[in-house]
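Before any comments, here is the structure.
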Amino acid sequence: MDIDERLLRPVQPEYGVASLGDLIPSALSALQVPSTSDVLGLTESLSGINKIAVLLVDGLGYHLYSQAAQSSPILASVWGGELGGLRRLTTNFPSTTPTSLTSLGTGVTPGRHGVLGFTVNVPGTDDVLTHILWGDKPDPLLWQPVPTCFERAAAHGVAAAIVSRIYPTGGLSAAAFRGGDPVGSDSAEETAAGVVRSLNASERSIVYGYYPLVDRMGHEYGVDTPQWHEAVAELDQLLRQVCRELPRDAALLVTADHGMLNIPESAKVFIDDHPQLRHDVRVIAGEPRARYIHVRPGKEEQVARTWRDTLGDRVEIWTRGEAITAGWFGDVSEDHRDRIGDLIVVCRGDCAIVGVTETDGPTTAALRGYHGAHSEIEMAVPLWLCRGGEVA
């Protein structure tokens, strides 16, 4: 997959204007849930709609639809402008699944909900929390205290359901999706059936569905590979099943949590090849394209200089204060500030910083596809809408 250089330029999250976190509040506004705002202007498109499904396709960013169209007739119709209207939104920073799912589920920015990366340092300790493996410690209700969109919907008579093959329980689900009735699914067919069944369970409903396989194949084999296209073809069947079975007063909104790009082995920076990068560093968290560096007291400037001297223009390096002031996380709660690194090292181009096995696990360095940084291809996510009766 050759990447247009324009897709590697950095972009800022469009919080409160056209971001992933604005999606479900806008949908709930169309369902006339009080204290929600239709930032995305969905009300007209959802006129007469009482039931809304939001399907998040993990890893299938806006700029990957052109490749996905080769394996999915329905996405080819979307990309070609023949089915629904395709819009570009931005995800949040970092462009990673746990942060994105929690922004989607709560309708607020990462700085407010506090799920600020794939892995984060637990303040006051040297421990690292991996959000996708999160159980009940720390307490999800304390770590992420913002009410979810599903809690707000249910409180106003809108039935809420969560249909997911993974993350159905545990800390991440509680943080992002509490308030929705969990509906397990072990296949694309079960996901489609669960979404439609949940939509029909009440006169007004909001249903979240999740499809993980495009992301999984992209990480393991790379974007635009045969294995990736097989996952897209399975997605096509899921989409077709849901669209065909949508009630007339229902709509499907399809989006993603991030995009992805392939990283060649030659562009990976292995931490153990550069031992100076660990000098005066207490914890390295985050992920390969957006690292959080927690330093020993008083060593921030020295560590930043070492990382700049070693990595040069392959990265941008911000202090925590600089990143917050620039708005990368939205408004940041004082309780959440220390989850962000003292330094944030963001990869440019097709660089990735790997080999941090104490926080990433041993397999991360072997991946083909990555995300997490602020490039257009990682940050841009789709939004398209299918109303009941549009697909025969």
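Only one residue in 178, 216 is basic (Lys, Arg), in contact (Cβ under 8 Å) with a residue 40 or more places away in the chain and either surrounded by 16 or more Cβ atoms within 10 Å (Cβ to Cβ) or touching a Leu at 6+ places or on another chain (Cβ under 9 Å) (or both). Which one? First the steps, then the outcome.
Details: 178 fails: in contact (Cβ under 8 Å) with a residue 40 or more places away in the chain.
None of the others qualify; the one that does is 216.
Quick one: in the range 244-272, of everything that is open to solvent by 10 Å² or more (accessible area, probe 1.4 Å), part of a helix (DSSP H, G or I) and in contact (Cβ under 8 Å) with a residue 40 or more places away in the chain, which residue is farthest from residue 44 (Cα to Cα)?
Only one residue fits best here, namely 272.
What do you reckon, is residue 222 touching a residue at least 40 places away in the same chain (Cβ under 8 Å), surrounded by 19 or more Cβ atoms within 10 Å (Cβ to Cβ), in contact with a Gly (Cβ under 9 Å, 6 or more places away or on another chain) and of a type outside the set (Asp, Glu)? Write out each step before concluding.
Working: touching a residue at least 40 places away in the same chain (Cβ under 8 Å): yes; surrounded by 19 or more Cβ atoms within 10 Å (Cβ to Cβ): yes; in contact with a Gly (Cβ under 9 Å, 6 or more places away or on another chain): yes; of a type outside the set (Asp, Glu): yes.
In short, yes.
Answer yes if at least one residue in the range 294-308 is surrounded by 19 or more Cβ atoms within 10 Å (Cβ to Cβ) and within 20 Å of the chain's Cα centre (by Cα), and no otherwise.
no
Take residue 328 and decide whether it is of a type in the set (A, V, I, L, M, F, W, C), within 18 Å of the chain's Cα centre (by Cα) and outside any strand (DSSP E or B). If you could, list the steps in order and put the result at the bottom.
Numbers: of a type in the set (A, V, I, L, M, F, W, C): yes; within 18 Å of the chain's Cα centre (by Cα): yes; outside any strand (DSSP E or B): yes.
Answer is yes for this residue.
List every residue pair whose Cβ atoms lie under 8 Å apart, where the two residues are 6 or more positions apart in sequence or sit on different chains, the first residue falls within the range 115-135 and is exposed (fewer than 13 other Cβ atoms within 10 Å of the Cβ), and the second residue, located anywhere, is of a type in the set (A, V, I, L, M).
Filtered contacts from the range 115-135: 126/283.
Within the range 344-355, track down each residue that is more than 18 Å from residue 92 (Cα to Cα) and outside any loop (DSSP other than H, G, I, E, B).
Taking the range 344-355 and keeping what is more than 18 Å from residue 92 (Cα to Cα), we get 349-355.
Those that are more than 18 Å from residue 92 (Cα to Cα) and outside any loop (DSSP other than H, G, I, E, B): 352, 353, 354.
Inspect all residues belonging to the range 28-37 and state whether any of them is under 18 Å from the mean Cα position of the chain (by Cα), open to solvent by 20 Å² or more (accessible area, probe 1.4 Å) and in contact (Cβ under 8 Å) with a residue 12 or more places away in the chain. Please lay out each step first, then the result.
Our first condition is that a residue be under 18 Å from the mean Cα position of the chain (by Cα); within the range 28-37, this holds for none.
Scanning the range 28-37, I find no residue that is under 18 Å from the mean Cα position of the chain (by Cα), open to solvent by 20 Å² or more (accessible area, probe 1.4 Å) and in contact (Cβ under 8 Å) with a residue 12 or more places away in the chain, so the answer is no.
Only residues that are within 21 Å of the chain's Cα centre (by Cα) and within 19 Å of residue 210 (Cβ to Cβ): list them for the range 136-162, please.
140, 144, 148, 149, 150, 151, 160, 161, 162
Modelled with pLDDT of 95 or more and assigned to a helix (DSSP H, G or I), is that true of residue 98? Steps first, answer last, please.
Working: modelled with pLDDT of 95 or more: yes; assigned to a helix (DSSP H, G or I): yes.
Considered against the rule, which asks whether it is modelled with pLDDT of 95 or more and assigned to a helix (DSSP H, G or I), residue 98 comes out as yes.
Considering only residues of the range 356-392 that are part of a loop (DSSP other than H, G, I, E, B) and at pLDDT 95 or above, which is nearest to residue 43 (Cα to Cα)?
Applying the first criterion (part of a loop (DSSP other than H, G, I, E, B)) to the range 356-392 yields 356, 361-363, 367-368, 371-374, 388-392.
With the extra rule that they be at pLDDT 95 or above, the set shrinks to 367-368, 371-374.
Details: 367: 41, 368: 40, 371: 32, 372: 31, 373: 32, 374: 30 Å.
Taking the candidates together, the pick is 374.
If you scan the range 325-345, which residues turn out to be open to solvent by 30 Å² or more (accessible area, probe 1.4 Å) and among the β-branched types (Val, Ile, Thr)?
325, 332
For every residue, the table says whether it meets (1) at pLDDT 95 or above; (2) under 23 Å from residue 241 (Cβ atoms); (3) hydrophobic (A, V, I, L, M, F, W, C); (4) not in a helix (DSSP H, G or I).
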| residue | (1), (2), (3), (4) |
| --- | --- |
| 1 | no, no, yes, yes |
| 12 | yes, no, no, yes |
| 39 | yes, no, yes, yes |
| 49 | yes, yes, yes, yes |
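Kindly list, by first and then second residue, each pair from a residue in the range 295-320 that is without any contact (Cβ under 8 Å) to a residue 12 or more places away in the chain to a residue that is open to solvent by less than 40 Å² (accessible area, probe 1.4 Å), limited to pairs with Cβ atoms under 7 Å and residues at least 6 apart or on different chains.
These pairs meet every condition: 308/317.
Output the residues belonging to the range 189-213 that are touching a Gly at 6+ places or on another chain (Cβ under 7 Å) and open to solvent by 20 Å² or more (accessible area, probe 1.4 Å).
Across the range 189-213, the qualifying residue is only 204.
The values are calculated or read from the model by the stated rules, or taken from the named source; none is laboratory data. Bear in mind that the values here come from a model prediction, so they are computed numbers and not experimental data. Neighbour counts are summed over all protein chains in view; Cβ atoms, including those assigned to glycine, are modelled from backbone coordinates with ideal geometry. With ligands, DNA and RNA removed, areas are computed over all heavy atoms of the protein, side chains included. Shrake-Rupley method; radii C 1.70, N 1.55, O 1.52, S 1.80 Å.
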